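Q: Structure in structure tokens, see below.
The values are calculated or read from the model by the stated rules, or taken from the named source; none is laboratory data. Model, not experiment: these values are computed from the prediction. Glycine gets a Cβ as well: all are built from the backbone with ideal geometry, and neighbour counts include every protein chain shown. Just so you know, the surface numbers come from the protein's heavy atoms only, side chains and all, with ligands and any DNA or RNA stripped out. Shrake-Rupley method; radii C 1.70, N 1.55, O 1.52, S 1.80 Å.
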Amino acid sequence: MNNYNPNKIEKKWQERWEKEKTYEANPSNEEKFFLTVPYPYTSGPLHIGHGRTYTLGDIFARFKRMQGYNVLWPMAFHMTGTPVHAISQQIKKGNKEKIELFKDYVKIYEENQEKAEEIVESFKDPYKVAEYFANAIHKDFRSLGYSIDWRRQFTTGDEDYQKFVEWQFHKYKEKGYLEQGNHPILYCTECENAVGEDDIKDGDRIKAEIETFTGIKYPYKEGYLVASTLRPETIFGVTNLFINPKTNYVKADVNGETWYISKKSAEKLERQGKKVKIQKKIKGKEIIGNKTLNPITKEELPIITGEFVDPDNATGVVYSVPAHAPYDYVALKEKGDLDKVKIKSIIETPGYGEHPAKEEVEKLGIKTQAEKEKLKQATTELYKKEFHKGKMKVKHEDFQGLTVEQAKEKASKWLKKQGKATEIYEVTSKTDQVHCRCGGKVTAVVMENQWFLNYGKEEWKQKAKRCLESMNIKPEIYREQFKNIFEWIDKRPCARKRGIGTKFPFQENWIIESLSDSTIYMAFYTIKNHLKNIEPNQLTQEFWDHILLDKGTPKKTSQSTGIPEEQINTVKKEFNYWYPNDQRHTAIAHLSNHLSFFIFAHAAIFTEKNWPKTITLNELLIREGTKMSKSKGNVIPLTNITKKYSADLFRAYIASAADMESVLDWREEEAKNMDKKLRKLHEETSKTKKGTTKPKEEDLIDQWLSAKINTHTKNAQKALEEYKVREYVQNALLNTQSTLKEYKNKKEKPNKELINHVTDKVLKINYPLIPHLCEELWEQKGHQTTLTEETWPQIHKEDLEKEKMMEVVDQVTTDIRQIQKITGIKKPRKIEIYTAPEWKRKAHRLMQKTKENIIGQLMKDEDIKKHGKEAVTYAKHLQKNKYNLPKEVLTQKQEQQALKSLKQYIEKQFKSQISIKKAQETKEPKAQKATPMKPAIKIEK
RNA sequence: GCAGGGAUGCCUGAGCGGUCAAAAGGGCUAGGCUUAGGACCUAGUGGCUUAGUGCCUUCAAGGGUUCAAAUCCCUUUCCCUGCACCA
């Protein structure tokens, strides 16, 4: 009976949209709306999580079109950066795992297996990887019915795009936002490469971090013993140094000073940008027994045996603070060295006495250094408390009274400034040592002359903040996050030496990093389709300056670039028409990077009138309660959606399953339920015809239907305007359908003309959500137009009275049922309904205006007073239930009318004779129970 | 650790000072339809009580503000997300 065939319908409309170039947007006299969603990265198939973001984007685009805007929604593909490049390299190397993985990926799209082999073979060229997946994604997007203007498509590898990015970097340079400096990165000494999370063994589990240690220089012989620490504020409490007698140390020239450090750390420091020249090898035991000085307090410190000292960790020289470091205390105690030193307490923490480390160690009963777990626990416990609640009690004007949190920062800077300390980087991770996939150890290496974008620059930051302030962020809760990010965002490397990308214009062998090249590309969409016969070298600085910043004249630009003046004018007109970007919609994962850079870049480069207007965000998507991940094998590729479900089903489910700010849990079962609803919509609407503009409303039920649909339309619109997609679906799809169902239940002979009219509206408001189905039904109804040409239905003033009148009927039926249940009267012979008299309604309204002494106030009114005892009883009832009675009440006449017009419906429900009376016109005692909106009822057996 | 968000009935999940025993869906129960099943329709779904009522207990835990709190404030516990060179 149900012949809804979504695949067929969807294909039909998609072909038609493409043929008729429906979504190709050009400048016009209409008001424009420029929507963008970040271009996808082309290193593999997209999954339904991506689909969520793009689907919401399409719903917004279609809604705006229905509201009469000239909407541009373009799309491009991202291929710069490391992943595409790395895939290619791995395949070239013959990495079996990767090859298999990509064969699997390709098989998602290709039916022919042999073809997969061939295609993966071609992936040795990174551009082929990008090209293949760009095409695949393009097909996916098309099959989901996205209303994208594909003429403006490009990839970040395109020459003209790279010219555009190059220009952007010239602007940064001009403004002084580009800087060079040292920068520590994770590095594998085995394969001699910088490593990212992807390159780290178990990178998803082991989070590697680079921590900055303060290496403090203790005078020793003609140079220094250098010991590094994360707690430089403890310099005031040092009692001794530890050296491992079995370790090899070196005397080395480091940046012109003589340092005594472990041999291994000398190698490490060299990679961290220090100039190291080893002069002599020394055994640890040769150092032990000597003395050194505390560089600040000038106290003499003994150098003691510390067999626990790891030459690989930091500098192989450890300074000891037994008052506050459990490790140090235990080390000294175990070896009986405690009497060689004088413990110094420097931090005061509530809950601890003079020697917190000792207390903590004793509390946990730690006896030896071998009890590593317990020692770790003692250390974190103590550190946590000292960090948050501890105060420095050393007698030093710069530090006394500071919290540990403040002192830590200050001590590090202070020591470095005096030349008494240096920065040393260490790789740390909570779980294990960090290894590269190749097996080598990951260390911290300093990149010299790294290029940065200085987002920390005050003037730039202020502009970005202003831009943020002027913007609309939806859901609003994310604004706070942006603000926080803007506070701490600082220098960020913007160039690197591996991967694919635009050549960095100011230095050989560097390319522009792939997040930095994707911040203002929305501007590029506006003109891409007009650059066809222009050579990349014609896209000069002058060209971009003229088009994007309105500098120079068309004539001069034409002369200097050789591009015809006419074409320059076209390009410029197009940019001026579409810019700024009205809405950027994306997933929340981009908030702290891409979106923040997007704002910063616009603030830096464009004039205020071209700053973006709105950012909308959606949360991620999980599946059946668990995160989708490659390792779990539970990823649903976007391509499978139209094979297994349908575009409209996916769209409707995605939008209805969660609000944008909530994680969406993809549940197979619920998706099926949505399928039922769409089939129902198809079935019901298939029976209808094209509606007339002003159908006759025969009775109250008809009026109610019109009113209800109007309300749903209004709510749906409001919800979309506020980006509350879930609420939109609830109103546009679910509520309208249940209202129609209710109407058919209540009305003996449904008014076909009215239903035709109303379902027209329903299709319109559902079009942004499920465009294929709506277009198809619209056509079936016999309309000559398509919905794409139609506009959002007009909203009339709400007719709440009609809705209220129906509520009274519903109230009566539930009440009757309730009474039936209690009394056990299954088949009532007769049911009498009494509506409340007008004086009770008056009292009700009066009560709402009265603040206190309700009874007294009411009894002053003549109309009420004359009902004596009954009036007092009612007034008491009002007083008691002041806050939980309906706010507005109908007149008795209206209630009578409502009940009378639904009389047949009620009779049918209860298979009983119904009579409707006014309470004041009967002597029946039960009639006194009638209140406004809740008529009295008498059921007879 | 820092920052942001969260904890609601059997489940998912809305509500974010009074109309809240709390939307919507699912599940479950009963009835209708049907040869039966499914689909569909109708009703019920914290407890006790009742001619449509009233009361009690509930929105992570504890405390507070208020005539009134799931909703506001504080504390605690647990969960999710991000923390940079990775797109």
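Q: Looking at A:His585, is it touching a residue at least 12 places away in the same chain (Cβ under 8 Å), open to solvent by less than 30 Å² (accessible area, probe 1.4 Å) and of a type outside the set (Val, Ile, Thr)?
A: Working: touching a residue at least 12 places away in the same chain (Cβ under 8 Å): yes; open to solvent by less than 30 Å² (accessible area, probe 1.4 Å): yes; of a type outside the set (Val, Ile, Thr): yes.
Yes.
Q: Here are some conditions: (1) free of Cβ contacts under 8 Å to residues at least 24 places away in the same chain; (2) away from RNA strand B (no atom under 14 Å from the Cβ). A:Ile424 meets all but one. Which one does it not meet?
A: (1)
Q: Residues in the stretch A:718-744 that are away from RNA strand B (no atom under 11 Å from the Cβ), open to solvent by 50 Å² or more (accessible area, probe 1.4 Å) and touching a strand residue (DSSP E or B) at 6+ places or on another chain (Cβ under 9 Å): how many?
A: Qualifying residue count, the stretch A:718-744: 0.
Q: Going through the stretch A:553-583 one residue at a time, which ones are within 40 Å of the chain's Cα centre (by Cα) and either of a type in the set (A, V, I, L, M, F, W, C) or under 25 Å from A:Tyr177 (Cα atoms) (or both)? Outline the logic, then answer.
A: The initial filter retains those residues of the stretch A:553-583 that are within 40 Å of the chain's Cα centre (by Cα), namely A:567-583.
Answer for the stretch A:553-583, where residues must be within 40 Å of the chain's Cα centre (by Cα) and either of a type in the set (A, V, I, L, M, F, W, C) or under 25 Å from A:Tyr177 (Cα atoms) (or both): A:Ile568, A:Val571, A:Phe575, A:Trp578, A:Tyr579, A:Pro580, A:Asn581.
Q: For the stretch A:84-93, does any single residue satisfy the condition of being among the hydroxyl-bearing types (Ser, Thr, Tyr) and within 19 Å of A:Thr616 (Cα to Cα)? It would help to see each step written out before you state the result.
A: Initially, the stretch A:84-93 is screened for residues among the hydroxyl-bearing types (Ser, Thr, Tyr), giving A:88.
Retained after the next criterion (residues that are within 19 Å of A:Thr616 (Cα to Cα)): none.
Looking through the stretch A:84-93, none of the residues is among the hydroxyl-bearing types (Ser, Thr, Tyr) and within 19 Å of A:Thr616 (Cα to Cα).
Q: Which residue out of A:Gln400, A:Gln418 is closer than 30 Å to A:Pro493 by Cβ, out of contact with any helix residue (DSSP H, G or I) (no Cβ under 9 Å at 6 or more places or on another chain) and surrounded by fewer than 17 Cβ atoms within 10 Å (Cβ to Cβ)?
A: On the way: A:Gln400 fails: closer than 30 Å to A:Pro493 by Cβ.
None of the others qualify; the one that does is A:Gln418.
Q: Now, a different point. So which residues in the stretch A:786-833 are away from RNA strand B (no atom under 11 Å from the Cβ) and open to solvent by less than 50 Å² (accessible area, probe 1.4 Å), if there are any at all?
A: The answer is A:Thr786, A:Leu787, A:Thr788, A:Glu790, A:Trp792, A:Pro793, A:Lys802, A:Glu803, A:Lys804, A:Met805, A:Met806, A:Val809.
Q: Could you check the stretch A:469-522 and list, in sequence order, the residues that are within 25 Å of A:Leu35 (Cβ to Cβ) and among the acidic types (Asp, Glu)?
A: First, the residues of the stretch A:469-522 that are within 25 Å of A:Leu35 (Cβ to Cβ): A:469-483, A:485-486, A:514-522.
Residues satisfying the conditions are A:Glu469, A:Glu476, A:Glu480, A:Asp517.
Q: Tell me which residues, restricted to the stretch A:882-911, are under 22 Å from A:Ile822 (Cα atoms) and either at pLDDT 90 or above or away from RNA strand B (no atom under 12 Å from the Cβ) (or both). Explain how you work it out, then say what you get.
A: Pass one, the stretch A:882-911, residues under 22 Å from A:Ile822 (Cα atoms): A:906-911.
A:Ile906, A:Glu907 - these are the residues of the stretch A:882-911 that are under 22 Å from A:Ile822 (Cα atoms) and either at pLDDT 90 or above or away from RNA strand B (no atom under 12 Å from the Cβ) (or both).
Q: Are any residues in the stretch A:351-370 free of Cβ contacts under 8 Å to residues at least 40 places away in the same chain and either of a type in the set (Ser, Thr, Tyr) or part of a loop (DSSP other than H, G, I, E, B) (or both), and if so, which ones? Working first, answer last.
A: Taking the stretch A:351-370 first, the residues free of Cβ contacts under 8 Å to residues at least 40 places away in the same chain are A:351-365, A:367-368, A:370.
Across the stretch A:351-370, the qualifying residues are A:Gly351, A:Tyr352, A:Gly353, A:Glu354, A:His355, A:Gly365, A:Lys367, A:Thr368, A:Ala370.
Q: Can you give me the ranges of the helices (runs of 4 or more DSSP H) entirely in the stretch A:490-582 with at least 2 residues that are open to solvent by 10 Å² or more (accessible area, probe 1.4 Å), touching a residue at least 24 places away in the same chain (Cβ under 8 Å) and away from RNA strand B (no atom under 16 Å from the Cβ)?
A: Per the criteria, A:541-549, A:565-578.
Q: At least 1 residues that are more than 23 Å from A:Lys497 (Cα to Cα) and not basic (Lys, Arg) in each: list the strands (runs of 3 or more DSSP E) lying fully within the stretch A:150-267 that qualify.
A: Qualifying strands (runs of 3 or more DSSP E): A:209-220, A:223-229, A:240-243, A:248-254, A:257-262.
Q: Can you tell me which residue in the stretch A:659-688 is surrounded by the fewest Cβ atoms within 10 Å (Cβ to Cβ), limited to those that are hydroxyl-bearing (Ser, Thr, Tyr) and either within 9 Å of RNA strand B (Cβ to nearest atom) or closer than 14 Å to A:Tyr4 by Cα (or both)? Can you show your working first?
A: Residues of the stretch A:659-688 that are hydroxyl-bearing (Ser, Thr, Tyr), as a first pass: A:662, A:685-686, A:688.
Those still in the list that are either within 9 Å of RNA strand B (Cβ to nearest atom) or closer than 14 Å to A:Tyr4 by Cα (or both) too: A:662, A:685-686.
Values: A:Ser662: 13, A:Thr685: 24, A:Ser686: 15.
If we take residues in the stretch A:659-688 being hydroxyl-bearing (Ser, Thr, Tyr) and either within 9 Å of RNA strand B (Cβ to nearest atom) or closer than 14 Å to A:Tyr4 by Cα (or both), then A:Ser662 is surrounded by the fewest Cβ atoms within 10 Å (Cβ to Cβ).
Q: Given the criteria closer than 29 Å to A:Ile615 by Cβ, among the basic types (Lys, Arg), open to solvent by 30 Å² or more (accessible area, probe 1.4 Å) and part of a helix (DSSP H, G or I), does A:Lys708 qualify? Quick ask: steps written out before the conclusion?
A: Working: closer than 29 Å to A:Ile615 by Cβ: no; among the basic types (Lys, Arg): yes; open to solvent by 30 Å² or more (accessible area, probe 1.4 Å): yes; part of a helix (DSSP H, G or I): yes.
No: the conditions fail for A:Lys708.
Q: Give the residues of the stretch A:1-22 that are within 34 Å of the chain's Cα centre (by Cα) and among the polar types (S, T, N, Q), sorted by residue number.
A: A:Asn7, A:Gln14, A:Thr22
Q: Would you please name the residue that is nearest to RNA strand B (Cβ to nearest atom), looking only at residues in the stretch A:468-478 that are open to solvent by 40 Å² or more (accessible area, probe 1.4 Å) and part of a helix (DSSP H, G or I)?
A: Looking at the filtered set, the residue picked out is A:Glu469.
Q: Considering only residues of the stretch A:919-930 that are near RNA strand B (Cβ under 8 Å from one of its atoms) and farther than 17 Å from A:Lys830 by Cβ, which is least open to solvent (accessible area, probe 1.4 Å)?
A: Looking at residues that are near RNA strand B (Cβ under 8 Å from one of its atoms) and farther than 17 Å from A:Lys830 by Cβ, I get A:Ala930.
Q: Which ones in the stretch A:350-370 are open to solvent by less than 50 Å² (accessible area, probe 1.4 Å) and over 19 Å from A:Thr229 (Cβ atoms)? Give the derivation first.
A: Restricting attention to the stretch A:350-370, the residues satisfying the condition of being open to solvent by less than 50 Å² (accessible area, probe 1.4 Å) are A:352-353, A:356-357, A:360-361, A:364-366, A:368-369.
Across the stretch A:350-370, the qualifying residues are A:Tyr352, A:Gly353, A:Val361, A:Leu364, A:Gly365, A:Ile366, A:Thr368.
Q: For the stretch A:132-149, check the following and say yes or no: at least one residue is modelled with pLDDT of 95 or more and more than 22 Å from A:Pro637 (Cα to Cα).
A: Checking the stretch A:132-149: at least one residue is modelled with pLDDT of 95 or more and more than 22 Å from A:Pro637 (Cα to Cα).
Q: For the stretch A:893-903, enumerate the residues that are in contact with a strand residue (DSSP E or B) (Cβ under 8 Å, 6 or more places away or on another chain) and either open to solvent by 10 Å² or more (accessible area, probe 1.4 Å) or more than 14 Å from A:Glu838 (Cα to Cα) (or both).
A: Quick first cut of the stretch A:893-903, residues in contact with a strand residue (DSSP E or B) (Cβ under 8 Å, 6 or more places away or on another chain) only: A:895-896, A:899-900, A:903.
Answer for the stretch A:893-903, where residues must be in contact with a strand residue (DSSP E or B) (Cβ under 8 Å, 6 or more places away or on another chain) and either open to solvent by 10 Å² or more (accessible area, probe 1.4 Å) or more than 14 Å from A:Glu838 (Cα to Cα) (or both): A:Gln896, A:Leu899, A:Lys900, A:Lys903.
Q: Restrict the check to the stretch A:418-431 and report whether at least one residue is part of a helix (DSSP H, G or I) and either more than 19 Å from A:Glu190 (Cα to Cα) or touching a Lys or Arg at 6+ places or on another chain (Cβ under 9 Å) (or both).
A: Kept after step one, since they are part of a helix (DSSP H, G or I), are these residues of the stretch A:418-431: none.
No, that holds for no residue.
Q: If a residue has to be over 33 Å from the mean Cα position of the chain (by Cα), open to solvent by 80 Å² or more (accessible area, probe 1.4 Å) and under 15 Å from A:Gln90 (Cβ atoms) to count, how many in the stretch A:103-132 make the cut?
A: Residues in the stretch A:103-132 being over 33 Å from the mean Cα position of the chain (by Cα), open to solvent by 80 Å² or more (accessible area, probe 1.4 Å) and under 15 Å from A:Gln90 (Cβ atoms): 1 in total.
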